[in-house]
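Here the structure is laid out as structure tokens; the discussion comes afterwards.
Every read-out reported here was derived from the displayed coordinates using simple, explicitly stated rules and does not represent laboratory data. Every value quoted in this text rests on a predicted model; they were computed, and no experiment measured them. Methodologically, a virtual Cβ is constructed for each residue, glycine included, from the backbone with ideal geometry; neighbour enumeration extends over all protein chains shown.
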Amino acid sequence: MSETEQQSGGGKNQPLRAPRGTRDVISPEVERWQDVERAAHDTFGRYGFREMRTPIFEDSAVFEKGTIETLQSAQKEMYRFVDLGGHELTLRPEGTPPVIRAYVEHNLGHGKDLARFYYIGPMFRYERPQRGRYRQFHQIGVEVFGSESAALDAEVIDMAMTWLGDLGIRSLQLCVNSVGDHDDRPAYMEKLIEAQRSLLGEMSEDSRRRHEINPLRVFDSKDPQDQLLIEKFPTILDHLSPQNKAHFDEVCAYLSDWGIDYNIEPRLVRGLDYYRRTVFEVTSSALGAQNSLLGGGRYDGLVEQMGGDNIPGVGFAAGLERIVLALPEGAGAAPIDCYIVTVSPELIPQAMKVMRDLRSHGLCCTADFQDRSVKAQMKAANRSNAPIAVIFGPDELSKGVCTLKMMESGEQQEVSLEILVEDLHRIVHMADPGN
Ligand code: AMP
């Protein structure tokens, strides 16, 4: 059997499966996703950000230009294809280049206005899958264009921390650093390369490869031996130009002033090469090896590189799967208020009418409608976790009543259809006063 068949099923007699590195998001997990997305819309909206939805695939050039110094390895991770018209396309591996493409294409900055955007959606990278690392994953990201001010870097970080804090995620660690820019990086890189060269023999093979492509990436190595060597490398933080140092100090001063806890991590460089000056990362000890919840930084120069004006930018991208993993227990349950049970199928039209009425009054209800026995419907009601079953029988309906059964206690009562909405609301609210 070919590797493709093994991965996704579909070989002879093999059950069909989701492709390796992808996953189905099913209730009750999907409600947790919705909570995270809803909180993003709320929080980001309050900070004046507007959502942007870009295509899932772009001309491959968007990612080649957008990550001009990008590592060969990142290029290899991309899902590229040629469509039937011969166009070279790439499934987006990250959100920033498409948002910049759209910002330039539609002249969204109107010259020099500040523009704040966020996006939510799937990203695709051909990585080695493990818990918290997928080939299709989802990011919620933000981008601000138009200002070099350190206030914006701090604002974006503040917004990220507010969002995660409001979601109830505890044990958050914020690390910040500055990776300098064209003023200070070249001289620093020379020193770094020299330091790495003298230790090449002791470095892991992966880090030796990173050293060849981009020496800054060696800092990202998780290899324990590399970690010891990394301690010996010079850090860019010690080699910042006076302006870049002042910019970084200002970001830190804002964070301190607002009571946001952070660590300065001189070895934080972030994977993508387009970052300038501020970089940051938020991790959570609630996660395992893949503990990075979000990362971002300033990318002055990238808009110009992608064909726009010389507009500075700053942003971050957060991994939705990881945020959901870090959420406190119990968040996101989807309550169904009542389950409708019909004693015989002829009653379905009447039952549906009542359900439409309940739904229009804000009650969440569901039913089976499969001509199954009452016993089977009651079992389904149980599985749905609805606190109440509303039972329609022919005699009752002719009297204008139905039976409410409390699923937990088994207690039953007859209720007039005229006051059903009111009664259900009362019972549901008593069971969940926070409703
Ligand atoms: P990056 O775009 O690589 O800076 O990643 C930003 C965030 O996206 C990370 O902090 C993770 O939370 C998430 N992320 C990146 N790659 C993956 C992946 N392969 N699977 C799941 N989440 C990811």
| field | Vicinal HN-Hα couplings computed from phi for the range 303-320 (Karplus, 6.51 cos²θ - 1.76 cosθ + 1.60; Hz; Gly/Pro x) | value | 4, 5, 4, 9, x, x, 6, 7, 10, x, x, 8, x, 8, 10, 10, x, 5
| task | Filter the chymotrypsin sites (Phe, Trp or Tyr not before Pro) in the range 198-270 down to the DSSP loop ones having no more than 15 other Cβ atoms within 10 Å, then list what survives. | result | 258
| query | Any idea which of 278, 103, 87 is furthest toward the positive side of the dipole for the chain, if Lys and Arg beta-carbons carry +1 and Asp and Glu beta-carbons -1? | reply | 87
| said: Counting C-alpha atoms alone, how compact is the range 341-435: give Rg to one decimal and Dmax as a whole number, in angstrom. | reply: 12.6, 38
| Short version: ³J(HN,Hα) in whole Hz for each residue of the range 130-139, in order, from phi by Karplus 6.51 cos²θ - 1.76 cosθ + 1.60 (θ = phi - 60°), x for Gly and Pro, what are they? | 7, 4, x, 9, 10, 8, 10, 9, 10, 10
| note | What helix-only [θ] at 222 nm does the chain give? Using -39500 (n - 2.57) per DSSP H run of at least 4, over all residues, to the nearest 500, the answer is -11000 deg cm²/dmol
| Partners for residue 222 among aspartates and glutamates (Cα-Cα distance below 17 Å; same-chain residues under 8 apart left out) | 127, 202, 205, 206, 231, 265, 281
| request: Provide, as a two-decimal number, the C-alpha radius of gyration of the range 229-279 over 2.2 N^0.38 Å, N being how many residues it has. | output: 1.24
| task | Determine the percent antiparallel among the DSSP beta bridges restricted to the range 338-411, to the nearest 5. | result | 35 percent
| remark: Rounded to the nearest 0.05, FRET efficiency between residue 250 and residue 395 (Cβ-Cβ, R0 60 Å) equals 0.20
| note | the range 291-305 scanned against label point 7 Å out from residue 59 along Cα→C-beta; backbone N under 19 Å for 302-305
| In nm, what is the difference between 0.36 nm times the number of residues separating residue 232 and residue 426 and their Cα-Cα distance? | 63.2 nm
| remark: FRET efficiency for residue 346 and residue 289 from the Cβ-Cβ distance with R0 = 51 Å, rounded to 0.05, comes out at 0.30
| note | With the 8 Å Cα cutoff and a minimum separation of six or more residues, the range 239-397 has a relative contact order in percent of 16 percent
| query | Per q in 0.15, 0.19 1/Å, what log10 I(q)/I(0) does a Debye calculation on the alpha-carbon atoms of the range 223-361 return? | reply | -0.95, -1.30
| message | Using only the alpha carbons of the chain, what is the convex hull's orientation-averaged projected area in square nanometres? | response | 28.1 nm²
| request: Could you work out which residue, out of 154, 253, 389, moves most in a Gaussian network model of the chain, that is, has the largest mean-square fluctuation with Cα springs under 10 Å? | output: 389
| task | Can you pull the one-decimal nm distance between simple spin-label points at residue 133 and residue 84, each 7 Å off the Cα toward Cβ? | result | 3.7 nm
| task | Quote the relative contact order of the chain in percent (integer), defining contacts as alpha-carbon pairs under 8 Å separated by 6+ residues. | result | 15 percent
| task | Please work out the FRET efficiency for the pair residue 409 and residue 25, using the Cβ-Cβ distance as r and a Förster radius of 30 Å; give the result to the nearest 0.05. | result | 0.35
| message | Below 8 Å between Cα atoms, with a sequence gap of 6+, how large is the relative contact order for the range 31-167 in percent? | response | 26 percent
| request: Consider a paramagnetic label point 7 Å from the Cα of residue 304 along Cα→Cβ; state which residues of the range 111-146 have an amide N under 15 Å from it. | output: 146
| request: Quick one: net charge around residue 287, please, counting Lys, Arg +1 and Asp, Glu -1 for every other residue with C-beta under 15 Å from its C-beta. | output: +3
| request: May I ask you to list, by number, the DSSP H helices of the chain whose Cα span along the axis is at least 15 Å and whose average Kyte-Doolittle hydropathy reaches -0.5 or more? | output: 150-166, 348-360, 420-431
| field | Full-stretch length increase - residue 114, residue 357 - with 0.36 nm per residue and alpha-carbon distance subtracted | value | 82.8 nm
| request: Would you please state which residues of the range 101-125 a label at residue 182 would reach in this model, taking the label point 7 Å out along Cα→Cβ and a backbone N cut-off of under 19 Å? | output: none
| Can you give the charge dipole size of the chain about its Cα centre, rounded to the nearest 20 debye, using +1 on the beta carbon of Lys and Arg and -1 on the beta carbon of Asp and Glu? | 1060 debye
